[in-house]
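Below is one structure, written out as structure tokens; comments come after it.
The values are calculated or read from the model by the stated rules, or taken from the named source; none is laboratory data. Every value quoted in this text rests on a predicted model; they were computed, and no experiment measured them. Methodologically, a virtual Cβ is constructed for each residue, glycine included, from the backbone with ideal geometry; neighbour enumeration extends over all protein chains shown.
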Ligand SMILES: [Zn+2]
């Protein structure tokens with residue numbers, strides 16, 4: 001499911017925020033716009049939901065700080081260069097990945113699935129909670145349109161259509 005442009009503009013105050021999975025930017029705006037429903041702080045979001053804590057221990061302190069500040073601000077264009085990811089030989093997975101059992105549990109708990117951070121990390125091939133091999137969705141991790149956001153859904157996690165039918169039966 002593609003998140004509509006008006007919703008994206010509404011949460012980021014910008015149409016040009018790049019949809020980045022690992023080190024997103026413009027997060028101060030996002031947090032500010034979430035204040036009506038949540039007390040979430042920007043650093044909580046960064047530490048608990050982005051790849052920043054995975055990369056930062058391997059960066060010099062000043063660069064790690066620059067990356068953190070770039071993520072909070074709306075000038076995120078150079079984040080990946082600062083984090084050294086552009087020069088790295090580590091390749092990111094091509095598609096968002098999911099664990100069928102996590103997907104099933106999300107549906108039961110929240111009524112919808114979501115992309116789990118741990119499943120998108122390069123080198124993680126098996127769900128650490130269920131021991132299941134991660135499945136590729138149809139949603140590109142680095143999409144054709146860098147301003148589009150895709151939520152996990154039955155459209156892009158097609159392998160789970162049977163699972164959904166099973167749950168709803
Ligand atoms: Zn799982």
Problem set entry | Unique match (being more than 16 Å from the ligand (Cβ to nearest atom), modelled with pLDDT under 90 and either part of a helix (DSSP H, G or I) or touching a helix residue (DSSP H, G or I) at 6+ places or on another chain (Cβ under 8 Å) (or both)) among 67, 21 | 21
Exercise. Given the conditions (1) surrounded by 15 or more Cβ atoms within 10 Å (Cβ to Cβ); (2) at pLDDT below 90; (3) closer than 26 Å to residue 139 by Cα, which single one is not true for residue 82?
Worked result: (3)
Exercise. Residue check: is residue 48 within 28 Å of residue 155 (Cα to Cα), in contact with a strand residue (DSSP E or B) (Cβ under 9 Å, 6 or more places away or on another chain) and either at pLDDT 70 or above or not assigned by TED's automatic domain parsing to the domain that holds residue 141 (or both)?
Worked result: no
For this session: Look through segment 93-120, keep the residues that are surrounded by 15 or more Cβ atoms within 10 Å (Cβ to Cβ) and part of a loop (DSSP other than H, G, I, E, B), and return whichever of them is farthest from the ligand (Cβ to nearest atom).
Result: 93
